[in-house]
Amino acid sequence: MPPAACTTARGARITTRPFGHIGLTQDTPSENLPGPWSRARGLDHEEAAPRPAPAPGFGERLTGDDPDVLRTSFIGRRLRLFWLVLKSGFLTVLTLGIYRFWMKTRIRRWFWSAIRPGGHPLEYVGDPFEKLLGFLFAVVILAFYIGIVNLLLMFVSFAVLNGNVAAYILSFVGVIPLWFFAQYRARRYVLARTRWRGLRFGLEPGAWGYAFRALGYWALTLLSGGLLWPLMTFRLEQYKSDRTFFGAARLRQGGRWTMLYGAMKPLFLGAGLGLAAAGMIALGFAGWGSTIALCAGLTLFYGLFHYRVESLKRLTATKRLAGARLELQARPWRILWITVFGYGLTALALLVPMVAIGIALSAMLGESVMTLSPQDLSLNDLGGAVLIALSLMLYFGVFLMWSAASHALVTVPTLQHYASGLVIRGAESLNGVHQRARDAHTEAEGFADALDVGASL
């Protein structure tokens, strides 16, 4: 079959080999819109593909001579992402938060292009305007819903219970289903705007079904003291996976929920040590009890990472897609080290300049900043105005630096570890996958942004 030619948003003509007998693509409106923020909507290789070597063709499967196995590579430089997040965050502050939707789009395109199954990068074609309009729509709906519900709950609470405590509790519980609802809708939007080899991903509608299932399984998990945590993990993942598509091929989640109990061994060990520590303290051996309690806490802390990684590996190994199967090679200790070291280094990197700024302020004002009275902060006084300006710069600077540094030191190595361990076996069966229709999903992930669900990646 001859290679297919296509034209990028910037007019560059590229030639690619089709995926099997299908290599269909479709431009999104965001890739052709001019404007001051067109870099976020266009295909900017300086950001999206951080100067990697050209991706090998589909025949170069990065796995030797086996044509049926595809490995995943991660190509990206942390420093480029650091500056991208820092610059985008600065523009977000200047625009009072409006640019955050363009920021999210640019960051996703960087990450998607760095993840390359079989040597071919993922593509993210989300539109920032979709996100902005979806956010405004969600804010209106949530304001109406929360306002009406809270008003009714307050009326009933005062009329029946002569207090507002019950109303506050019920109001919080009433928002929880919306939180799960927003998570599912955000996942659906992200998949609908993701492609690999020109084929779209997709997720069937089912946000309310996921929300009510999540509520039920969380209730069972809490009532069982965590013993049914594997059941919740498996059922919710199965609900999402069985509604996920790559092209016209449906993903299937196999296995049984009991297979996840093996991933809970460190948690069971930590719980046992905790009970032993409580018993030692109750018998009067406080010293030994405290030592065992410390070991229990550390074991439980590691157990959370172990369960997250091992359950993901087991769930991935039982997924099937058009005859292909997935395999994930990841290590819990590695993820734990990346998280602890990355956030620790980020905090240390922020602490040093903050101390330096504090010393500089003290020297400039001739006295310790901690001893300033409110009268010293008058805007009519030059020193007070300078202090307020520097304080605002420090306040926003801390958040911007934390976001940029945590992306570079935590998010990048974490995704690199997961991506590098992803293997697709039986990849030849994907050659017969056809394209799927484009999912409009015009509300984007507005509810997730409004509720701050945090479904960015």
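Scanning region 179-206 for residues that are at negative phi, among the basic types (Lys, Arg) and not in a helix (DSSP H, G or I), which turns out farthest from the chain's Cα centre (by Cα)? Full working, then the answer.
So in region 179-206, the residues at negative phi come out as 179-196, 199-205.
If we keep only those that are among the basic types (Lys, Arg) too, we end up with 185, 187-188, 193, 195, 200.
Keeping just the survivors that are not in a helix (DSSP H, G or I) gives 193, 195, 200.
Working: Arg193: 15, Arg195: 18, Arg200: 20 Å.
Here the residue is Arg200.
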- Task: Please identify the pairs in which a residue from region 335-353 that is over 13 Å from Phe399 (Cα atoms) has its Cβ atom under 6 Å from the Cβ atom of a residue that is modelled with pLDDT of 95 or more and surrounded by fewer than 13 Cβ atoms within 10 Å (Cβ to Cβ), counting only partners at least 6 apart or on another chain.
- Result: none
- Select from region 371-398 the residues that are closer than 30 Å to Thr339 by Cβ and either in contact with a strand residue (DSSP E or B) (Cβ under 8 Å, 6 or more places away or on another chain) or exposed (fewer than 13 other Cβ atoms within 10 Å of the Cβ) (or both) and write down the one among them that is modelled with the lowest pLDDT. Met393
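Mind telling me which of the residues Leu191, Leu236 ends up being out of contact with any Leu (no Cβ under 8 Å at 6 or more places or on another chain) and at pLDDT 90 or above? Talk me through it step by step, then tell me what you get.
On the way: Leu191 fails: out of contact with any Leu (no Cβ under 8 Å at 6 or more places or on another chain).
The unique qualifying residue is Leu236.
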- Item | Residue list for region 301-334, filter: farther than 19 Å from Ile424 by Cβ, in contact (Cβ under 8 Å) with a residue 40 or more places away in the chain and basic (Lys, Arg) | Arg331, Arg334
- Message: Just to verify a result, which residue in region 402-457, among those that are of a type in the set (Asp, Glu) and out of contact with any helix residue (DSSP H, G or I) (no Cβ under 8 Å at 6 or more places or on another chain), is modelled with the highest pLDDT?
- Response: Glu428
- Residue list for region 208-223, restricted to those being buried (at least 20 other Cβ atoms within 10 Å of the Cβ) and in contact with a Lys or Arg (Cβ under 8 Å, 6 or more places away or on another chain): Tyr210
- Does region 65-96 hold any residues that are touching a residue at least 40 places away in the same chain (Cβ under 8 Å) and part of a loop (DSSP other than H, G, I, E, B), and which are they? Pro67, Asp68, Ile75, Gly76
- Note on the structure: Selection from region 262-317 of residues among the polar types (S, T, N, Q) and at pLDDT below 95 yields Ser290, Thr291
- Message: Of all residues being among the small types (Gly, Ala, Ser), part of a loop (DSSP other than H, G, I, E, B) and in contact (Cβ under 8 Å) with a residue 40 or more places away in the chain in region 97-145, which is surrounded by the fewest Cβ atoms within 10 Å (Cβ to Cβ)? Just the residue, please.
- Response: Gly119
- Message: Show the residue pairs meeting these rules: Cβ distance below 6 Å; 6+ apart or different chains; first residue within region 255-282 and under 30 Å from Ser241 (Cα atoms) and free of Cβ contacts under 8 Å to residues at least 12 places away in the same chain; second residue of a type in the set (A, V, I, L, M, F, W, C) and in a helix (DSSP H, G or I).
- Response: none
- Note on the structure: Flagged pairs (Cβ under 7 angstrom, 6 or more apart or on separate chains; first in region 224-236, within 13 Å of Ala214 (Cβ to Cβ) and crowded, with 17+ Cβ neighbours inside 10 Å; second among the acidic types (Asp, Glu) and at pLDDT below 95) are none
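The values are calculated or read from the model by the stated rules, or taken from the named source; none is laboratory data. Note that the structure is predicted; figures quoted are calculated from it, not measured. As a convention, Cβ positions derive from the backbone with ideal geometry for all residues, glycine included, and neighbour counts pool all protein chains shown.
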